[in-house]
Amino acid sequence: MESKSSFGERFKTLRKSKKLTQKEVAKELGLGQSAIANYEQGTRFPDEKTLRQITKYFNTSLDYLMNIKTEGTDIKNRVEISSLFTKYKKLILSNKFPEALKLILNAQDSGIDIIEIFNSIFLPLLKHTGELWECSIIDVAKEHLISEELERTIVILTYRSKTKELKNIRCVCATPGGELHRISIRIVSEILKREGYPTWFLGVNTPTKDIIELCKKNSIDFLILSSTMPSSIDSANNIIYGIRLDKSLDNCKIIVGGPAYEKDRRAEKVTRADFVINNLQGIVDTVNNLAN
């Protein structure tokens, strides 16, 4: 169960303070009423674009919605992160991988948490790299080199960070069949490991039956599936269907997310997953809520 300071509770408090119904808020945000209900119940979490819409509509801050404690140095920190992203992007695009790695390791040593690095540097860089490829500014080989370097750095950062006490919640992170993008789900996997959760990372092209069998053999509590390509949503639904048919997996919660769900709201409505979350911190919070 979520705490009183959760996103859902704060969202509900804001709505009621303005004496608005779920239907009225949904209409203003361009969402279905069921989405608002799910937010308040803690079974769905909005993507970044919707979060910005919510903060603007209620005239509040993201820090309040997410219950993030702000300090006087917050603006300075944001400027530092922005500068770090610019420097790192320039080094990566120039194939100066050793210098880029050193820059990020120094940032970690200075106290910047890896979730911040992943959210504010790596994920935006992945998006930027994809846009460069779509515009034919870089070729596939260049994109793959950058992706490999990012994934290598993700693992290094995780191993260098302090792992929290081992917990008894087990997670599997995978991509559905046909999905070729693995870095986002790799980030989720590494963060969950850092949080103390035994986590299996399966990457891409793992057969549906093998994913289900792994979940059965290891009494998995959370299966997390990432879809970047819309074509992989059907495969995700097949995995979910297989999990739901197996009574031994009744306690296995399923989280889906990724750009494919951000682009296709219908996919979010019809999925039989327990949660649709397009935000790294939202996934971590959801798993933590069950563990606590």
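The values are calculated or read from the model by the stated rules, or taken from the named source; none is laboratory data. Source: prediction; values computed, not measured. Neighbour counts run over all protein chains shown; Cβ positions are idealised from the backbone, glycine included.
Please identify the pairs in which a residue from segment 117-143 that is of a type in the set (D, E, K, R) has its Cβ atom under 7 Å from the Cβ atom of a residue that is surrounded by fewer than 17 Cβ atoms within 10 Å (Cβ to Cβ), counting only partners at least 6 apart or on another chain. From segment 117-143, the pairs are Glu143/Trp133. The single condition among (1) assigned to a helix (DSSP H, G or I); (2) more than 20 Å from the chain's Cα centre (by Cα) that Ile137 does not meet is (1). Residues being surrounded by fewer than 17 Cβ atoms within 10 Å (Cβ to Cβ) and either acidic (Asp, Glu) or under 18 Å from Arg160 (Cβ atoms) (or both) are represented in segment 125-134 by at least one member.
Just so you know, in segment 39-61 the residues that are without any contact (Cβ under 8 Å) to a residue 24 or more places away in the chain and of a type outside the set (Lys, Arg) include one that is nearest to Asp274 (Cα to Cα), and it is Thr50.
Listed by position, the helices (runs of 4 or more DSSP H) inside segment 1-63 whose residues that are surrounded by 14 or more Cβ atoms within 10 Å (Cβ to Cβ), modelled with pLDDT under 80 and in contact with a Lys or Arg (Cβ under 7 Å, 6 or more places away or on another chain) number at least 2 form an empty set. Hey, any hits in segment 102-112 for a residue that's assigned to a helix (DSSP H, G or I) and in contact (Cβ under 8 Å) with a residue 60 or more places away in the chain? Scanning segment 102-112, I find no residue that is assigned to a helix (DSSP H, G or I) and in contact (Cβ under 8 Å) with a residue 60 or more places away in the chain, so the answer is no. Screening Lys209 with (1) under 17 Å from the mean Cα position of the chain (by Cα); (2) closer than 29 Å to His144 by Cα gives one miss only, at (1). Restrict the check to segment 149-171 and report whether at least one residue is part of a loop (DSSP other than H, G, I, E, B), without any contact (Cβ under 8 Å) to a residue 60 or more places away in the chain and under 20 Å from Pro230 (Cα atoms). No - not one qualifying residue is present in segment 149-171. Report yes if some residue within segment 259-274 is polar (S, T, N, Q), modelled with pLDDT of 90 or more and either surrounded by 18 or more Cβ atoms within 10 Å (Cβ to Cβ) or in the same structural domain as Ile187 (by the TED database) (or both); otherwise report no. Within segment 259-274, not a single residue is polar (S, T, N, Q), modelled with pLDDT of 90 or more and either surrounded by 18 or more Cβ atoms within 10 Å (Cβ to Cβ) or in the same structural domain as Ile187 (by the TED database) (or both).
Of the residues Ser248, Ser226, the single one that is in contact with a Gly (Cβ under 7 Å, 6 or more places away or on another chain) and either outside the structural domain of Thr206 (by the TED database) or not hydrophobic (A, V, I, L, M, F, W, C) (or both) is Ser226.
A single entry from Gly32, Gly42 fulfils the requirement of being more than 20 Å from Asn289 (Cα to Cα), under 23 Å from the mean Cα position of the chain (by Cα) and among the small types (Gly, Ala, Ser): Gly32. For beta carbons closer than 8 Å, sequence separation of 6+ or different chains, a first residue in segment 237-260 that is of a type in the set (D, E, K, R) and a second that is assigned to a helix (DSSP H, G or I) and modelled with pLDDT of 95 or more, the qualifying pairs are Asp246/Ile212; Asp246/Lys216. Here Thr199 meets each of (1) modelled with pLDDT under 95; (2) farther than 20 Å from Leu31 by Cβ with one exception, condition (1). Does Ser232 qualify as being more than 23 Å from Leu166 (Cα to Cα), in contact (Cβ under 8 Å) with a residue 40 or more places away in the chain and of a type in the set (Gly, Ala, Ser)? Answer is yes for this residue. Regarding Asn67, is this residue on the phi < 0 side of the Ramachandran plot, at pLDDT below 80 and either surrounded by fewer than 16 Cβ atoms within 10 Å (Cβ to Cβ) or not aromatic (Phe, Trp, Tyr) (or both)? No.
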